[in-house]
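Chemist: There's a structure below that I have some questions on.
The values are calculated or read from the model by the stated rules, or taken from the named source; none is laboratory data. This structure is a prediction, so every number in the text was calculated from the model and none was measured. Neighbour counts run over all protein chains shown; Cβ positions are idealised from the backbone, glycine included.
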Amino acid sequence: MSSDHVARGTALLFWSKVAGNAGFFVAILILARALGPTGRGTIAFITVTTLVAAHIASLGVGEATIVFVAQRTEARGELLANVTIFMLVAGFLAGSLACGALIALGDARPAGLGAPELAVLACATVAVALVEAGYWFLLGANRIGSVALLTATASWVYPLFLVVILSAGGLSVLSAALAWTAAETLRALAFFGLAARGLKLRRPNLRLLIEALRFGCRAWVGSLARFLNFRTDQILMGFLATEAALGIYAVAVNASEVLLYLPAATATALLPTLARADVGVRTEQALRAFRSAAVVTAVAVVVAALLGPVFLPWIFGERFDGSVTPFLLLLPGAFGFAAMAVFSEALVAGSSPGFSSIGPTVSLGLGIALDLVLIPRFGASGAAAAASLAFIGGGVAALAAFRHRSPFAWRSLLLPRRGDLVVFRALAGPLRLVPLKLGRPG
């Protein structure tokens, strides 16, 4: 039953991610066509900085909320109040600090970031922080259907706003940033509304918040490192390369991230389930999840390598021909990401948040070192090569940490078993996921 549930949750999250990111892809296409590589690079810097600031501000409360909500059903009202208020305050502080730091840089900050753009960045950070608060709570409550529903639909609000602005007289960096902020605000309201449905809200519990911070800070290092692995290279490119080069790289990253949907969905579905499982079951579930994700990732990498060089220039235009090489260089990193995502989350679920940080931290440190060496010389291609090598290094480290805590035979890592097929059946038959009942509390 547990394997079937994880497989159904993985498939539901995977397909909702595909649907949601299709909307985001439309937004990227509109931005690329309307603003070109330079404008696309500026928007990429604003959105990435917003996401990083909000995630830094969480201090691990997100990981603790997922685990605590899964294990302490009687305290869910207090946990929702805690995470919402904490992220509201933390998001405001993080956004203000990020803007202050960029203002202090003066002419050294990326061009195109004036006072209006910085103000929007601060507001967007608060909205993103509240989105994460609602997401964490719903995931911990095992309300995978609610998470999937919002993931599949909310991302389409952003391109809708862009189309309206474009048709009303033209798109600029500032108006695109405002559209992003408005879309994230609506997403935050939707997440909170679903999280609070059927729940008796209570006053915040300071003792419980302190406990969450103590647990979460140990996992936060790894969670933050894993998150920064996606974003730091783009921030560094804002300072080490031109905005046009960042725009080229951002398109390559956005296209290649499709390969990471399944491993990410698998890890997300695993966490609340493994948090309630015993050691033996937890180890087997994690290995099964990795085997399934590795097979799908291998197939996806081959397809992407064949189709990417043809479709990227055709979709985004000749100005983005330079995205092809970085895209191809990013593909091998998908295997490392799969290992890092699955085994790091399994370690969090096994109450080993410190060990869960090893893989992502190794990946982040390696990535930054390689970025500083490769980006000035090779631009977008250097950033892509650094990202792939960093993911692979982090995946190996996460696997080693998991095996240290939960020993298993090496042959179990890749030797397929009949139970692995449950994930493929779930992916092939999304209509079977209806029994999960969207929005039903776990």
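Chemist: Could you check how many residues of the stretch 285-299 are in contact with a Phe, Trp or Tyr (Cβ under 7 Å, 6 or more places away or on another chain) and without any contact (Cβ under 8 Å) to a residue 60 or more places away in the chain?
Modeler: 1
Chemist: Does PHE45 meet the test of being part of a helix (DSSP H, G or I) and at pLDDT 90 or above?
Modeler: Considered against the rule, which asks whether it is part of a helix (DSSP H, G or I) and at pLDDT 90 or above, PHE45 comes out as no.
Chemist: For the stretch 158-166, indicate whether the set of residues that are aromatic (Phe, Trp, Tyr), closer than 18 Å to VAL69 by Cβ and crowded, with 22+ Cβ neighbours inside 10 Å is non-empty.
Modeler: No, the stretch 158-166 has no match at all.
Chemist: How many residues does the stretch 69-124 contain that are modelled with pLDDT under 80 and among the charged types (D, E, K, R)?
Modeler: 2
Chemist: Conditions: (1) in contact with a helix residue (DSSP H, G or I) (Cβ under 8 Å, 6 or more places away or on another chain); (2) modelled with pLDDT of 70 or more. ILE210 meets all but one. Number of the miss?
Modeler: (1)
Chemist: Please pick out the residue among THR297, THR361, THR325 that is of a type in the set (Val, Ile, Thr), out of contact with any strand residue (DSSP E or B) (no Cβ under 8 Å at 6 or more places or on another chain) and modelled with pLDDT under 85.
Modeler: Of the residues listed, the single one that is of a type in the set (Val, Ile, Thr), out of contact with any strand residue (DSSP E or B) (no Cβ under 8 Å at 6 or more places or on another chain) and modelled with pLDDT under 85 is THR297.
Chemist: Let me ask something else about it. If a residue has to be among the aliphatic types (A, V, I, L, M), assigned to a helix (DSSP H, G or I) and in contact (Cβ under 8 Å) with a residue 24 or more places away in the chain to count, how many in the stretch 103-132 make the cut?
Modeler: Within the stretch 103-132, residues that are among the aliphatic types (A, V, I, L, M), assigned to a helix (DSSP H, G or I) and in contact (Cβ under 8 Å) with a residue 24 or more places away in the chain number 11.
Chemist: Hey, another quick one. State yes or no: is GLY112 on the phi > 0 side of the Ramachandran plot and in contact with a helix residue (DSSP H, G or I) (Cβ under 9 Å, 6 or more places away or on another chain)? Reasoning before the result, please.
Modeler: On the way: on the phi > 0 side of the Ramachandran plot: yes; in contact with a helix residue (DSSP H, G or I) (Cβ under 9 Å, 6 or more places away or on another chain): yes.
Yes, satisfied.
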